[in-house]
1. Quick one: SER89, SER441, SER114, fewest Cβ neighbours within 10 Å first, how do they rank?
2. Could you pull out the pairs from LYS123/LYS181; LYS123/LYS349; LYS178/LYS497; LYS181/LYS497 whose alpha carbons sit more than 28 Å apart here?
3. Once you put a point 7 Å from the Cα of THR386 and another 7 Å from the Cα of TYR175, both along the Cβ direction, what distance in nm separates them?
4. Just to check I understand the Karplus step: with θ = phi - 60° and J = 6.51 cos²θ - 1.76 cosθ + 1.60, what whole-Hz values come out for the range 359-365, glycine and proline as x?
5. For the range 377-426, state which GluC sites (Glu not before Pro) are in a DSSP loop and have at most 10 other beta carbons lying within 10 Å of their beta carbon.
6. Would you list MET524, MET364, MET234, MET26 from fewest to most Cβ contacts within 10 Å?
7. Exactly which GluC sites (Glu not before Pro) in the range 150-240 are in a DSSP loop and have at most 16 other Cβ atoms within 10 Å?
8. Going by amide H atoms built from the backbone, whose H comes under 5 Å of the H on SER450, apart from near neighbours?
Amino acid sequence: MTENHFPAQGNTPVMNAWYCLSFFVMGMLICAFLPACVCADEEALPSPFIDPDDSPEPFPTLYPPPDSEPLPGPVGGDAGWFLICSTPSGASVNFDGSDVGYTPVSVKVYSTGSPYHTIRVEKPGYLVWTRELNENPAPGETREIHATLKPDPCCRSLRITSAPSGAQIILNGVYQGKTPKTIDNLITGTYQVTLTRSGYETWSGSVDVRPDSDNVIYVVLEPMFAPITSSTLMIESYPEGAEIVLDRTSRGTTPRTLTLPEGSHTLVLRMAGYQDYSTSVFTRDKENARITAYLVPLGTVPANTPAPIIVASPVSPSSPYERLYHMGEEAAAFRDRYGTSALLDAVQKPGNEFNQDTEFMSIMDRNGTLLADLVLESWIGEDITTYTDQNTVPFGLVRRILADHGGGLLYENCIANNSSSGELCISAVIPESDGIIITASRHTNEEIPSFSDLILASLLSSSSSIALAESAPGKTACQEVVIPARTGDTSGDMDEKSRLFDADKNGISLLPVIYALAFEGGGMCYGFEPEGTDITLFSVSPVSDGQIPVRWISGTSIEPREEAVIHS
């Protein structure tokens, strides 16, 4: 039996060898086939390939290797625009995290760039409006995005005006600027308001800011140096129903009789379908005045527009330069509607309503920094009150002081004129509002004389001008008068000395400028010599015991200063 197993055992080495050879051949075939499959799979997939389900951590930032080309940007350079508008306009716009201006504003985007954008539109007193965009305009296309802003139900505005304007506003103990001013974003409730102005009694009172009213207050300030005076003004129009805007404050509709403080007032009548009617009137104590205005339909210019009937006797003939003041009022209305930035841009554009052949607009802030002036672009951003003309008169200083005291007409040396003689400009200054001073000016092509150092020293000296007359006989001398201090145009009861500075040949009174300078510490200004026809230089001293000393250079034989310099 044992011998029968030997043949089977003898075959085992042969079979083992066969199995080994078979496994070897199969292994070689697998090794040859597997790389081909892997390569085929890799070619079928983009490189690199990352499955988000296999990556629990955020994707790493891929940086190019050193010395390689930067990652490519958007293909192509075609651009389109988004035109962003709002109701109301003048709202600030933030586009993709950047402030781009005020509505309406255009934003340029690349058509092949990222199609995702964010827009944020804001305006005080309104809820913030936001929008996300997921597409770009086509090349050359302009797409309009319109934001309808909704009033903030929790906050309201408070409009504070005063007569005269320029009063400092303290609201709940915090300074808010000067009248006239609109204070936005106030929570409804009761506020304590205090108004202060140089030469006037302080006014204090409580004001309710309500969600269902216009929230407008008008305060008549009581002068310190003069009794309270009042008069009536009857305002009527044809047709009736025109809105009455008196001293920039809405006072109802025509016909209406108003009780006013004594002094100068500006009046604007507005009615849909008709041109705005503008004029000024001076009212006296216990005197009744009446204005009848004939409104002109839009788009028509009648051959003879009936003049207004003003029963109150005028102080002087109406100045032809009163139109400059109306230009300034239009600029102020433009700013209230579209915002300060839009006004500054408009003033810098030649040939528009703010810049004509002989008339131009200038805007500065309350600190004297020039913000916009087409004829003097190189000085924008500078404090022009630090520069003086050939007679050492600071540019813009009288303008700034007059704006703080209700505005008016004044004579200035044209800041853009760089000759030794200078050029006389007539300017209308609008009352300062929210830190902005708007001035409309007109060239006169009339020279301003240059005065010698000796004459200027005598003008600024408190001593008598006799010494100067003796040192320069037959040439010039300084004169001086002392007038009562007033806080406004009180022409109705002027003394003879004050009448020296009443309306000149251009219908412009120097009294408002004199009063403003006197209550602000004194200063120099230009004007026509009393009872004369020559432009000269005045020096106004501060108020002392209710009196104002005023000195001026008289005489026509003026010697030009040598090497006179305009800008110092």
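1. Neighbour counts put them in this order, fewest first: SER114, SER89, SER441.
2. LYS178/LYS497; LYS181/LYS497
3. Placing both labels 7 Å along Cα→Cβ, they lie 2.1 nm apart.
4. These are the phi-based 3J(HN,Hα) values: 10, 8, 10, 9, 10, 9, 8 Hz.
5. Loop-located and lightly packed - none at all.
6. MET26, MET234, MET524, MET364
7. Hits after loop and neighbour filter: GLU201, GLU240.
8. ARG561
No value in this document is a laboratory result; all are computed from the given coordinates. The model shown is predicted, which means the values in this text are computed figures rather than measured ones. All Cβ positions, glycine included, derive from the backbone under ideal geometry; neighbour counts span all protein chains shown.
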